[in-house]
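Take a look at the structure set out below.
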Amino acid sequence: SLHDALPILLQITILDLTLSGDNIGVIALATKNLSPKFAKKASFIGIAGAIGLRVLFACVITQIMAIQWLPIKLVGGLVLVKITWDFIKPQTKEVECDVKKADKFWGAVAVIIIADISMSLDNVIAIASTADGNVLLIVIGILINIPIIFYGSQFVANLMKEHPIVIFLGGAILAHTSFKMILEDNITIKYLGLSNTVSVIIPWAFAIGIMLYGYLVIKKLEKEKTAFGHNT
């Protein structure tokens with residue numbers, strides 16, 4: 001009945017929103033170099049694809065979860081590490097000019113979908129367990145959040161253009177998420193046998209490292225700008 005469904009729906013929506021913070025960051029990072037029109041389109045297609053796959057996952061997640069040996073988190077985490085690095089690695093200016101808009105556009109869409117799926121695995125699991133496998137509730141809960149993710153990511157992308165440090169903040173959040181996922185995977189736990197403290201420290205260490213790296217990169221760019229300003 002609706003009376004029973006509402007609290008669950010509310011729970012799913014809140015859960016989904018809390019877990020969509022990283023997704024907003026990914027979309028913003030992926031679309032920050034696209035023109036506003038293309039950025040909107042890429043966000044929309046990327047979110048739609050990712051949401052579709054989330055719903056699909058939510059429906060089969062109980063079966064997936066039954067397969068204990070699947071290193072889902074490890075694989076997802078490693079994919080995210082690669083995506084994080086692509087965002088924060090030093091940009092070469094020359095390459096920018098050769099890349100066709102279309103490549104960049106579909107590249108952004110692909111990044112959004114891949115990153116979203118990697119990150120959504122644990123929130124789909126959380127949502128599926130909250131909804132007790134009720135697919136309709138899962139779908140409604142996920143749909144409610146689409147506009148929030150869509151507009152949230154555009155807001156963050158604009159912030160990134162104005163304040164480069166936000167890019168590294170996004171990178172830091174992603175790094176934390178990815179290493180946390182890697183260290184939570186069954187295989188990692190079994191073979192590395194890290195203590196809880198170490199498992200908590202490692203993701204934070206990477207996140208802080210990225211923030212420091214970002215700070216240094218921005219300082220260096222500012223220095224170059226000032227030097228360039230004096231030369232002209």
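The values are calculated or read from the model by the stated rules, or taken from the named source; none is laboratory data. In this text, all values refer to a predicted model and were calculated from it rather than measured experimentally. Every residue, glycine as well, gets a Cβ built from its backbone with ideal geometry; the counts of neighbours run over all protein chains shown. In case anyone asks, the SASA skips ligands and DNA or RNA and just uses the protein heavy atoms, side chains included. Shrake-Rupley method; radii C 1.70, N 1.55, O 1.52, S 1.80 Å.
Numbers at a glance
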{"quantity": "Inter-residue pairs, beta-carbon under 8 Å, first open to solvent by 30 Å² or more (accessible area, probe 1.4 Å) and in the range 34-58, second in a helix (DSSP H, G or I) and charged (D, E, K, R), 6+ apart", "calculated": "S35/K101; F38/K101; F38/K104; L53/D116"}
{"quantity": "Test set (1) surrounded by fewer than 21 Cβ atoms within 10 Å (Cβ to Cβ); (2) more than 30 Å from L9 (Cβ to Cβ) - I146 fails condition number", "calculated": "(2)"}
{"quantity": "Matching residues, the range 204-219, being more than 17 Å from V81 (Cα to Cα) and open to solvent by 60 Å² or more (accessible area, probe 1.4 Å)", "calculated": "L212, Y215, L216, K219"}
{"quantity": "Qualifying residue in the range 190-203 (condition: farther than 23 Å from V75 by Cβ, in contact (Cβ under 8 Å) with a residue 12 or more places away in the chain and either outside any helix (DSSP H, G or I) or open to solvent by 80 Å² or more (accessible area, probe 1.4 Å) (or both))", "calculated": "no"}
{"quantity": "Subset of the range 187-226 [under 19 Å from the mean Cα position of the chain (by Cα) and among the β-branched types (V, I, T)]", "calculated": "I202, I208, I210"}
{"quantity": "So L183, is it within 26 Å of A30 (Cα to Cα), at pLDDT below 85, open to solvent by less than 60 Å² (accessible area, probe 1.4 Å) and not hydroxyl-bearing (S, T, Y)", "calculated": "no"}
{"quantity": "Filtered residues of the range 73-89 (kept if of a type outside the set (K, R), closer than 18 Å to N186 by Cβ and buried (at least 21 other Cβ atoms within 10 Å of the Cβ))", "calculated": "G76, G77, L80"}
{"quantity": "Residue list for the range 67-78, filter: modelled with pLDDT of 75 or more and within 21 Å of D16 (Cα to Cα)", "calculated": "K73, G76, G77"}
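To keep it simple, each residue is scored yes or no on (1) modelled with pLDDT of 85 or more; (2) assigned to a helix (DSSP H, G or I); (3) under 13 Å from D116 (Cβ atoms).
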position	(1), (2), (3)
L15	no, yes, no
I24	no, yes, yes
A30	yes, yes, yes
A39	yes, yes, no
A42	yes, yes, yes
I45	yes, yes, yes
G49	yes, yes, yes
G52	no, yes, yes
M65	no, yes, no
